[in-house]
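These notes concern the structure reproduced below.
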Amino acid sequence: MLKNYLIAVMLLAGFLIAPGNSSVMAADTGKLITNQCRQNIKMLNEATQKFVNDTGDQLPPWARYETVKSSLMNLDYLPTDPVGPTPDCKYNLVSNSREDFQWYCNLHGVLEGEKTVNFQYHEHQIMAKTTSRYINNKRYKEHVSELLRWTDYAPTPVERLKYHYNMNPLSTILVMVGVLLIIFIVYRTL
Ligand SMILES: [Zn+2]
């Protein structure tokens, strides 16, 4: 009887290992999301640098993307809105002066920061960066402490499973199959 189960597991494993089976390719989804968001921040930083070079305008100490777009920079500088890779990716401009500014994502922080924070965001492992440059800015400080609350986030069992599956699909499947097999055998012998 046990022999049949083992054959079944080996067949399943063989099927999953079979080349070209893209369903078991590992994907670091957190890294993909973080890279995508950092591209958005980079684009916003470059657009703002261009705006600063072209005009004599001052930058607000803190402003949401929507406000910047509607009352400061126009379509010449921001032709397309950045699409946040997560619902929590909302962009804000923080500045000390025309020369010292950065865009800030509520989940990923700034592009250039001396502090790196890694945390679990649902089934993704996210990397954020913060800087103490703007720490005297009340709104910035509030947003950073809000971001750091993610380090206390406890993923649900399903999120944990999804994370392990994405990072290492094959071993996650084999462990799951093994666990189910043990449960089944124990159940049958009772
Ligand atoms: Zn983001």
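The values are calculated or read from the model by the stated rules, or taken from the named source; none is laboratory data. Remember, it's a predicted structure, so these values are computed and weren't measured experimentally. With ideal geometry, Cβ positions are generated from the backbone for all residues, glycine too; neighbour counts draw on all protein chains shown.
For the stretch 161-187, enumerate the residues that are farther than 13 Å from MET25 by Cβ, aromatic (Phe, Trp, Tyr) and touching a Ser or Thr at 6+ places or on another chain (Cβ under 9 Å).
TYR163
Quick one: in the stretch 62-81, of everything that is touching a strand residue (DSSP E or B) at 6+ places or on another chain (Cβ under 6 Å) and outside any helix (DSSP H, G or I), which residue is nearest to the ligand (Cβ to nearest atom)? Working first, answer last.
From the stretch 62-81, those touching a strand residue (DSSP E or B) at 6+ places or on another chain (Cβ under 6 Å) are 62-65, 68; that's our starting set.
Next, only the ones that are outside any helix (DSSP H, G or I) stay: 62-64.
Working: TRP62: 17, ALA63: 17, ARG64: 14 Å.
Ranking the qualifying residues of the stretch 62-81, first place goes to ARG64.
Any chance the stretch 162-171 includes a residue that's free of Cβ contacts under 8 Å to residues at least 24 places away in the same chain and within 16 Å of the ligand (Cβ to nearest atom)? Break it down stepwise before answering.
Initial filter on the stretch 162-171 (free of Cβ contacts under 8 Å to residues at least 24 places away in the same chain): 164-165, 171.
With within 16 Å of the ligand (Cβ to nearest atom) added as a condition, the list becomes none.
Scanning the stretch 162-171, I find no residue that is free of Cβ contacts under 8 Å to residues at least 24 places away in the same chain and within 16 Å of the ligand (Cβ to nearest atom), so the answer is no.
What about TYR153, is it surrounded by fewer than 18 Cβ atoms within 10 Å (Cβ to Cβ), within 16 Å of the ligand (Cβ to nearest atom), modelled with pLDDT of 95 or more and among the hydroxyl-bearing types (Ser, Thr, Tyr)?
In short, yes.
When the residues of the stretch 93-110 are narrowed to those that are more than 11 Å from the ligand (Cβ to nearest atom) and surrounded by 17 or more Cβ atoms within 10 Å (Cβ to Cβ), which ends up farthest from PRO61 (Cα to Cα)? Walk me through it before giving the result.
First, the residues of the stretch 93-110 that are more than 11 Å from the ligand (Cβ to nearest atom): 93-102.
Then keep just the ones that are surrounded by 17 or more Cβ atoms within 10 Å (Cβ to Cβ); that gives 93-95, 101-102.
Numbers: LEU93: 8, VAL94: 5, SER95: 5, PHE101: 9, GLN102: 10 Å.
Among those that are more than 11 Å from the ligand (Cβ to nearest atom) and surrounded by 17 or more Cβ atoms within 10 Å (Cβ to Cβ), it is GLN102.
Can you tell me which residue among LEU148, LEU107 is assigned to a loop (DSSP other than H, G, I, E, B) and of a type in the set (A, V, I, L, M)?
Of LEU148, LEU107, the one residue that is assigned to a loop (DSSP other than H, G, I, E, B) and of a type in the set (A, V, I, L, M) is LEU107.
Across the stretch 82-100, what is the total count of residues that are in contact with a strand residue (DSSP E or B) (Cβ under 6 Å, 6 or more places away or on another chain) and either hydroxyl-bearing (Ser, Thr, Tyr) or more than 30 Å from HIS122 (Cα to Cα) (or both)?
2
Need pairs with beta-carbon distance below 8 Å; first residue free of Cβ contacts under 8 Å to residues at least 40 places away in the same chain and within the stretch 66-89, second among the aromatic types (Phe, Trp, Tyr); sequence gap 6+ or separate chains.
Partner pairs satisfying both residue conditions: LEU72/PHE51; MET73/PHE51; TYR77/PHE51; ASP81/TYR65; ASP88/TYR121.
Of the numbered conditions (1) touching a residue at least 60 places away in the same chain (Cβ under 8 Å); (2) hydrophobic (A, V, I, L, M, F, W, C); (3) away from the ligand (no atom under 16 Å from the Cβ), CYS37 satisfies every one except a single condition; which is it?
(3)
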